[in-house]
Amino acid sequence: MTKTLQTLHHWIGGRTVEGTSGRFGPVTDPATGAVTTQVAFATAEEVDAAVAAAEAAFADWGRSSLAARTTILFRFRALVDAHRDEIARLITAEHGKVHSDALGEVARGLEIIDLACGIPVQLKGELSTEVANRVDVAAIRRPLGVVAGITPFNFPAMVPLWMFPLAVACGNTFVLKPSEKDPSAANLLASLLAEAGLPDGVFNVVHGDRVAVDRLLEHPDVRAVSFVGSTPVARHIHTTAAAHGKRVQALGGAKNHMLVLPDADLDAAADAAVSAAYGSAGERCMAISAVVTVGAIGDELVRRIRERAEKVVIGPGHDPVSEMGPLITRAHRDKVASYVRGAAAQGAEVVLDGTGFTVEGYEDGHWIGISLLDRVPVTADAYRDEIFGPVLCVLRAETYEEGLALVNASPFGNGAAIFTRDGGAARRFQMEVEAGMVGVNVPIPVPVGYHSFGGWKDSLFGDHHIYGNDGTRFYTRGKVVTTRWPDPADTPPGVDLGFPRNH
């Protein structure tokens, strides 16, 4: 007997709404390759229904008090904390990352809920008194209206949590289009928001593909769009949404570099390279994918990286022994493997080749082992492209200046790190490197919630980074109010306010 697949539907107006398109996407368990769920793909009309629900809810939510909003957000934070293990299990089941990584994702999302709970401080205005006789000027910030988020598969809970808590705290209503590859966490977050008391329609989820995305980009009632994903899609999101008059923050791809100077602690650098390159199977926009060694330390650093990489335990994410899980889909696994298989022909030295890796008992999973490529030419595809898998490229430079120039020549500018004991070298690097996020002896310099996340160059399209102060500015617009009141002593005759007359 054929087992009927469970179907994941949309969340619109505070309730589950069954999809009507007749189109569905498969959701697989990456460890087994088995399809476990199907997700309904929205029509343009279903996206319109979600936007209409959000627009209707904005009439009241946009005027609600800060106290009312933060009370709900505090309850939501407690619920996410209480359900963090359940959220993490969903992430592991659909994305494949190990359970500890999934728990870390939820913890980083909680940071932004914390920030949103303190939104009254972020939304404090400015006041200048007596700019002229009896004239005051106040600067205030107001919500935009309906805003949308389009989020990637690699962090199905964290990236949405980077967006909607701040958006709704600022008084907006929200429509989320999560990745169709691992969509269940979004619906669970929607149900927790409802349990926390968020009014119907303030938060909505529509699932789907480009049909849903393009409708959100074109819809006249969507005021702003937040996106995290690859650079080609980020460019499309920015171009299309901006052409329709929307505010856009579109975070694109990356090729994050780690510059290792001759004085660096090589054990610390090797530990950092392995964790930053291979953690979460390399499916992180802040993963280190290129290590640039300076001077004569290259051979020794590669030896230490290899020694550690060979000990990483790869297996199903639900197994507590596993340190790295499978990739999200079979097609993505095959694409990542193609870079390793073609590396030698393009001039790289293949130190570790993980393309033939499998796990006993899980042979149909989307497995790939750890790959390490040394002496990679800058012309090689493995260096030029964002691979988004457990592949680390090592490049050699003779001097700091040569290494810095190599890093800055990349079209991406998401994150960069330097490993050194020299404070002066570190200071020069943080000032001279062309990247939006910089680490000094820190391989993945993701900012804490009250600082903003975002890159430079082809890693960001739009003027605002995500969360932090930039997030608050993105989800609000400024208004300046100039006020003149007559002195109460100048009230018309016959009106007594208890003030002495000036004449």
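Of the residues making up region 95-113, those that are open to solvent by 10 Å² or more (accessible area, probe 1.4 Å) and either over 14 Å from Pro320 (Cα atoms) or in contact with a Pro (Cβ under 6 Å, 6 or more places away or on another chain) (or both) are Gly104, Ala107, Arg108, Glu111.
Only a single item in (1) of a type outside the set (Phe, Trp, Tyr); (2) more than 28 Å from Trp485 (Cα to Cα); (3) out of contact with any Leu (no Cβ under 8 Å at 6 or more places or on another chain); (4) open to solvent by less than 20 Å² (accessible area, probe 1.4 Å) is not met by Ala53, and it is number (4).
This table checks each residue for (1) touching a residue at least 40 places away in the same chain (Cβ under 8 Å); (2) over 30 Å from Tyr362 (Cβ atoms); (3) polar (S, T, N, Q).
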position	(1), (2), (3)
Gly245	no, yes, no
His257	yes, yes, no
Ala270	no, no, no
Glu307	no, no, no
Tyr339	yes, no, no
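Which one is nearest to the chain's Cα centre (by Cα), of the residues in region 341-360 that are touching a residue at least 24 places away in the same chain (Cβ under 8 Å) and farther than 14 Å from Val376 by Cα? Step by step, filter region 341-360, then rank; the result is Gly354. The listed residues are Glu18, Glu46, Glu86, and the only one of them that is surrounded by 17 or more Cβ atoms within 10 Å (Cβ to Cβ) and charged (D, E, K, R) turns out to be Glu46.
The single residue among Arg428, Arg421, Arg396 that is assigned to a loop (DSSP other than H, G, I, E, B), at pLDDT 95 or above and open to solvent by 10 Å² or more (accessible area, probe 1.4 Å) turns out to be Arg421. Listed by position, the strands (runs of 3 or more DSSP E) inside region 218-302 whose residues that are open to solvent by less than 10 Å² (accessible area, probe 1.4 Å) and farther than 30 Å from Thr151 by Cβ number at least 3 are 288-294.
For Ile387, the requirement of being open to solvent by less than 50 Å² (accessible area, probe 1.4 Å) and modelled with pLDDT under 95 is not met. Of the strands (runs of 3 or more DSSP E) lying entirely inside region 125-168, those carrying at least 3 residues that are under 22 Å from Pro447 (Cβ atoms) and touching a Phe, Trp or Tyr at 6+ places or on another chain (Cβ under 9 Å) are 146-150.
Going by what's in this entry, would Asp374 be described as in contact with a helix residue (DSSP H, G or I) (Cβ under 8 Å, 6 or more places away or on another chain), charged (D, E, K, R) and buried (at least 20 other Cβ atoms within 10 Å of the Cβ)? Here the answer is yes, as Asp374 does meet what is asked.
Being open to solvent by less than 10 Å² (accessible area, probe 1.4 Å) and within 15 Å of Cys393 (Cβ to Cβ) is the filter here; which residues of region 349-366 pass it? Spell out the reasoning first.
Here is the first cut: in region 349-366, the residues open to solvent by less than 10 Å² (accessible area, probe 1.4 Å) are 354, 365-366.
Passing the criteria: only Gly354.
The values are calculated or read from the model by the stated rules, or taken from the named source; none is laboratory data. If you're wondering where the values come from, they're calculated on a predicted model, not measured in any experiment. Counting neighbours? That spans all protein chains shown, and the Cβs are built from the backbone with ideal geometry, glycine included. What goes into the accessible areas is simple: the full protein's heavy atoms, side chains included, and nothing from ligands, DNA or RNA. Shrake-Rupley method; radii C 1.70, N 1.55, O 1.52, S 1.80 Å.
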